[in-house]
Amino acid sequence: MAVEIPFRREFSFEYGRLEPVAPTIRRIVARNPSPFTFRGTGTYVVGQGEVAVIDPGPDLPEHVQALLAGLAGEHVTHILITHTHRDHSPAARALQQATGAPTYGYGPHAGGHRGEPAVEEGGDWDFVPDTTVCDGDRIAGSGWVFEAVHTPGHTSNHLCFALPDSGVLFSGDHVMGWSTSVIAPPDGDMAAYVRSLDKLLGRTDAVYWPTHGPAITEPKEHVGAFIAHRREREAGILDCLRAGVWRIDAIVERLYIGLQPGLRRAAGRSVHAHLLDLVGRGMVDSDGPANIDAHYRLVRGV
Ligand SMILES: [Zn+2]
């Protein structure tokens, strides 16, 4: 039976308005809706008076202006970046110019090359954090302390930020309510992604605030469903290989029923990520380099 993911797509907000969503947490949504961003990038503000901003968002001057207008009379002390996709980090530059606040992130964009065709929003190759943050690091401000949780998979530099005192986790694009995450090699890594989901299952956070869409209030159920979904997808890919369907585009055709044409490439990259994981585990082989156009086959005995 197909895994049911408890998606959440009820999302009320107003573009351009910094709105309270929970005690000490506010959010403003950028007007960059797309098949990968849902209604747009949700930029979070934590604290009151002296605040941290998480993921300033895409390079949209109107978004930064609206954020600054919403913060009139307050002081931005920290700019936190979950990862370096173009819908998350580029506005850090304008926000820093306006406020002087330092940026915090795992590191610059990695994997692949500047200018290569990207699915999703592509990499922000210009962002370099002022302070490099590692797994478990604490970032303290006025009335709040974040714990950084390194969650590679969607990108290798993805961080979630927890507020351990309030049971909140800002989950970035690692765990979202409205959709599964895009895992696109070379920077996206399926094995790392599933390990990072397992890592969250071992934590006690009570509510997740993703960058796109509404909060997730039953995070373990949600994360468990994502893990089951990936296992199911992997089993489907192995079935395809057993049935002699060896190419990624043909596997997508067979497994993704009713897929919007605009999402075909992302689906192909996701299947590629699974195949690279299976190659890494010695279960699958490719004729030639294990790229998006290769023929894949089961290793004898699998
Ligand atoms: Zn992303």
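The values are calculated or read from the model by the stated rules, or taken from the named source; none is laboratory data. Not measured: the values here are computed from a predicted model. Ideal geometry is used to build each Cβ from the backbone, glycine not excepted, and the neighbour counts take in all protein chains shown.
Restricting the stretch 75-90 to residues that are touching a residue at least 40 places away in the same chain (Cβ under 8 Å) and among the aliphatic types (A, V, I, L, M) leaves a set whose member that is farthest from VAL51 (Cα to Cα) is ILE81. Considering each residue of the stretch 96-117 in turn, none proves to be within 16 Å of the ligand (Cβ to nearest atom), β-branched (Val, Ile, Thr) and in contact (Cβ under 8 Å) with a residue 24 or more places away in the chain.
None of ALA148, ALA91 is within 16 Å of the ligand (Cβ to nearest atom), closer than 27 Å to GLU19 by Cα and modelled with pLDDT of 95 or more except ALA91.
Out of curiosity, is GLU4 more than 15 Å from the ligand (Cβ to nearest atom), over 18 Å from the mean Cα position of the chain (by Cα) and modelled with pLDDT of 95 or more? Reasoning before the result, please.
Details: more than 15 Å from the ligand (Cβ to nearest atom): yes; over 18 Å from the mean Cα position of the chain (by Cα): yes; modelled with pLDDT of 95 or more: no.
Criteria not met by GLU4.
Just one of the listed residues (GLY202, GLY188) is closer than 30 Å to VAL45 by Cα and surrounded by 20 or more Cβ atoms within 10 Å (Cβ to Cβ), namely GLY188.
Yes or no, residue by residue, for (1) in contact with a strand residue (DSSP E or B) (Cβ under 9 Å, 6 or more places away or on another chain); (2) surrounded by fewer than 17 Cβ atoms within 10 Å (Cβ to Cβ):
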residue	(1), (2)
ARG233	no, no
HIS272	no, no
LEU278	yes, no
GLY282	no, yes
ASP287	yes, yes
ASP293	no, yes
VAL299	yes, yes
VAL302	yes, yes
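Quick one: ARG27 ticks every box in (1) in contact with a Ser or Thr (Cβ under 8 Å, 6 or more places away or on another chain); (2) part of a loop (DSSP other than H, G, I, E, B); (3) basic (Lys, Arg) bar one, so which box is it? ARG27 satisfies all of (1) in contact with a Ser or Thr (Cβ under 8 Å, 6 or more places away or on another chain); (2) part of a loop (DSSP other than H, G, I, E, B); (3) basic (Lys, Arg) except (2).
With respect to the conditions (1) within 13 Å of the ligand (Cβ to nearest atom); (2) more than 30 Å from GLY268 (Cα to Cα); (3) hydroxyl-bearing (Ser, Thr, Tyr), THR77 lacks only one, and its number is (1). Give all pairs with beta carbons closer than 8 Å in which a residue from the stretch 121-139 that is over 8 Å from PRO108 (Cα atoms) meets a residue that is acidic (Asp, Glu) and modelled with pLDDT under 95; count only pairs at least 6 apart in sequence or on separate chains. Note: pairs meeting the criteria are GLY123/ASP187.
Restricting the stretch 30-48 to residues that are closer than 22 Å to GLY167 by Cα and not in a strand (DSSP E or B) leaves a set whose member that is farthest from the ligand (Cβ to nearest atom) is GLN48. In this structure, is ASP59 within 16 Å of the ligand (Cβ to nearest atom), in contact with a strand residue (DSSP E or B) (Cβ under 9 Å, 6 or more places away or on another chain) and not in a helix (DSSP H, G or I)? It is false that ASP59 is within 16 Å of the ligand (Cβ to nearest atom), in contact with a strand residue (DSSP E or B) (Cβ under 9 Å, 6 or more places away or on another chain) and not in a helix (DSSP H, G or I).
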